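Only one structure is covered here, and it is reproduced in the block below.
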Amino acid sequence: MTDQPARPQYPHAESVEDFALNIADVRARIAAAAERAGRSADEVRLLQVSKTVPEERLLLAIQAGATDLGENKVQEAKRKAENLADQDVRWSVIGHLQTNKAKDVVAFADEFQALDSIRLADALDRRLQAAGRGLDVFVQVNTSAEESKFGLEPADTLAFLEELRHRDSLRVQGLMTLALFTSDTERVRECFRILRDLRDQARERDLIGPGGLSMGMSGDFEAAIEEGATVVRVGQAIFGARSTPDSEYWPGFAG
Ligand SMILES: *Cc1c(COP(=O)(O)O)cnc(C)c1O
């Protein structure tokens, strides 16, 4: 991608105090964005994305008040959840999942945000039924029309939600998306609006439970809140800049 914006500087957090400062800063920005949109900050959940961050530093973030952690890769997430089992943390898997890894998610995750196929829904449902538990899920939608992005096509989303109705163990909480990576904020907002419109249509058909919108990351969470986000997934603005390139997580992403 050629129109990739210059990365803002994200301060690296190394102590409980650093984390407390970064978290407070993000929360203040969430509150300000909510206020601009005439919304309450309580409507917006802050999911702290801890991928690549080792357990020792995660403990500092937890001491600074982090309770809701998001991880892109299931193996890494499972390892951390096991090593931090004595902590009061809620784990959310937010990255693409292969069907044969469904059992790993069922083993530890409280939430899965990247549901994008019926095959995967069936694999999760089967494992969940066997384990006698349910799982909060978000359906991922590709709102940027990029070949490389995971997620359902917007046009397929309502039919998909309709089919999900028969998987009782999957509690559909809403829709999730990654916006276009561009400094053109109008195009970023357009992705968020596509997700919101889909949510509204799903609501009219009674297909989507609470109808949450998981959208917005370190670079665009304020715009996402102005467009209706109920969950923002923020990593670098809390933990510091990642050295791992984003292409690790989003195939085809050239950043
Ligand atoms: C890494 C990641 C984020 C957070 O990105 P930051 O730039 O660290 O805020 C959000 N969503 C998904 C799916 C991710 O993989």
Notebook entry, point to check: Can you find a residue in the stretch 165-185 that is at pLDDT below 95 and in contact with a His (Cβ under 8 Å, 6 or more places away or on another chain)?
Noted result: no
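Can we say V172 is within 13 Å of the ligand (Cβ to nearest atom), under 30 Å from Q129 (Cβ atoms) and either touching a strand residue (DSSP E or B) at 6+ places or on another chain (Cβ under 9 Å) or of a type in the set (D, E, K, R) (or both)?
Values: within 13 Å of the ligand (Cβ to nearest atom): no; under 30 Å from Q129 (Cβ atoms): yes; either touching a strand residue (DSSP E or B) at 6+ places or on another chain (Cβ under 9 Å) or of a type in the set (D, E, K, R) (or both): yes.
The answer is no for V172.
Which one of these is modelled with pLDDT of 95 or more and more than 23 Å from R233 (Cβ to Cβ): A155, A109?
Checking each option against the conditions leaves just A155.
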Notebook entry, point to check: How many residues does the stretch 98-121 contain that are within 14 Å of the ligand (Cβ to nearest atom) and open to solvent by 10 Å² or more (accessible area, probe 1.4 Å)?
Noted result: 1
Check: Do you know which residues across the stretch 70-97 are touching an Asp or Glu at 6+ places or on another chain (Cβ under 8 Å) and open to solvent by 30 Å² or more (accessible area, probe 1.4 Å)?
Finding: Q75, K78, N83, R90, H96
Notebook entry, point to check: Is it the case that some residue within the stretch 15-31 is hydrophobic (A, V, I, L, M, F, W, C), within 22 Å of E248 (Cβ to Cβ) and not in a strand (DSSP E or B)?
Noted result: no
Next item on the list: Show the residue pairs that are 6+ apart or on different chains and have beta-carbon atoms under 9 Å apart, the first residue being within the stretch 59-78 and of a type in the set (D, E), the second being part of a helix (DSSP H, G or I).
Entry: E71/A77; E71/K78; E71/K80; E71/A81
Check: Would the stretch 141-158 turn up any residue that is open to solvent by less than 10 Å² (accessible area, probe 1.4 Å), over 20 Å from A34 (Cβ atoms), among the aliphatic types (A, V, I, L, M) and within 14 Å of the ligand (Cβ to nearest atom)?
Finding: yes
Next item on the list: For the stretch 41-74, enumerate the residues that are more than 18 Å from R233 (Cα to Cα) and either away from the ligand (no atom under 16 Å from the Cβ) or among the small types (G, A, S) (or both).
Entry: E55, E56, L59, L60, Q63
Check: Where in the stretch 148-255 are there helices (runs of 4 or more DSSP H), lying fully within it, with 2 or more residues that are of a type in the set (D, E) and over 21 Å from D68 (Cβ atoms)?
Finding: 154-164, 185-204
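The values are calculated or read from the model by the stated rules, or taken from the named source; none is laboratory data. Nothing here was measured: the structure is a model prediction, and the numbers come from that model. A quick note on method: Cβ atoms are made from the backbone with ideal geometry, for glycine too, and the neighbour counts reach across all protein chains shown. Accessible surface areas use protein heavy atoms only, side chains included; no ligands, DNA or RNA. Shrake-Rupley method; radii C 1.70, N 1.55, O 1.52, S 1.80 Å.
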